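Visitor: Sharing a structure with you now.
The values are calculated or read from the model by the stated rules, or taken from the named source; none is laboratory data. Here the structure is a predicted model, which means the values were calculated and not measured. So basically every Cβ, Gly included, is an ideal-geometry build from the backbone, and we count neighbours across all protein chains shown. Side chains included, ligands, DNA and RNA excluded: accessible areas come from the protein's heavy atoms. Shrake-Rupley method; radii C 1.70, N 1.55, O 1.52, S 1.80 Å.
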Amino acid sequence: AFDIKITWMGKHSLFRFPMGGIMRSMGGLPIVRHEKSNLVESMVEAFSERAHMVLTVPTEGTRARVEYWKSGFYHIARQANVPIVPSFLDFGRKFGGFGPALELSGDIAKDMQYFRDFYAGMKGKFPENFGPIRLREEDNEQG
């Protein structure tokens, strides 16, 4: 609908036979999350090599509540100097969409407050699994 080629990251097990080829053709990049890698640097490099790139990164899952969001999306956007456009599926209102783009300031607490405000009042499919909107780095900045 938006005529945008999206690149998305998914766990590597989604890319095994027989679905691997289909996942890659849909823009998927397999990520081995249990191995240490230079994922942020690789994604920053991918942005620098392409004239146009949209990367979608799910920020919150539905399997289990977590106290912190993974911060890779923030560091990729900051280092690649690209905005973050939040997306949502609000199951409470049965509505989804995109929000205004955020150009990161480098002030993690201020930038994350944007997301807390944006997602305030929205309900996920499994609201009991939705944890606080914060990065571990926010606690580290205060400590």
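Visitor: Can you tell me which residue is nearest to W8 (Cα to Cα) among those in the range 87-118 that are loosely packed, with under 13 Cβ neighbours inside 10 Å and charged (D, E, K, R)?
Guide: E103
Visitor: If you check every pair at least six apart or on different chains, which have Cβ atoms under 9 Å apart with a residue in the range 99-120 that is free of Cβ contacts under 8 Å to residues at least 12 places away in the same chain first and a residue that is loosely packed, with under 14 Cβ neighbours inside 10 Å and assigned to a helix (DSSP H, G or I) second?
Guide: From the range 99-120, the pairs are D107/E141.
Visitor: I need the full set of residues from the range 1-40 which are hydroxyl-bearing (S, T, Y) and open to solvent by less than 70 Å² (accessible area, probe 1.4 Å), in order please.
Guide: Hits for the range 1-40 are T7, S13.
Visitor: In this structure, does V44 turn out to be among the β-branched types (V, I, T), touching a helix residue (DSSP H, G or I) at 6+ places or on another chain (Cβ under 6 Å) and at pLDDT 80 or above? I'd like the intermediate steps shown before the answer.
Guide: Numbers: among the β-branched types (V, I, T): yes; touching a helix residue (DSSP H, G or I) at 6+ places or on another chain (Cβ under 6 Å): yes; at pLDDT 80 or above: yes.
Considered against the rule, which asks whether it is among the β-branched types (V, I, T), touching a helix residue (DSSP H, G or I) at 6+ places or on another chain (Cβ under 6 Å) and at pLDDT 80 or above, V44 comes out as yes.
Visitor: Pull out all pairs, ordered by first then second residue, where Cβ-Cβ is under 9 Å, the residues are six or more apart or on different chains, the first lies in the range 66-86 and is farther than 21 Å from N38 by Cβ and open to solvent by 30 Å² or more (accessible area, probe 1.4 Å), and the second is among the hydrophobic types (A, V, I, L, M, F, W, C) and part of a loop (DSSP other than H, G, I, E, B).
Guide: From the range 66-86, the pairs are P83/A101; P83/L104; V85/A101.
Visitor: Please verify whether G121 is over 24 Å from I31 (Cα atoms), among the small types (G, A, S), exposed (fewer than 13 other Cβ atoms within 10 Å of the Cβ) and at pLDDT 90 or above, treating the condition exactly as stated.
Guide: Details: over 24 Å from I31 (Cα atoms): yes; among the small types (G, A, S): yes; exposed (fewer than 13 other Cβ atoms within 10 Å of the Cβ): yes; at pLDDT 90 or above: yes.
So G121 passes the test.
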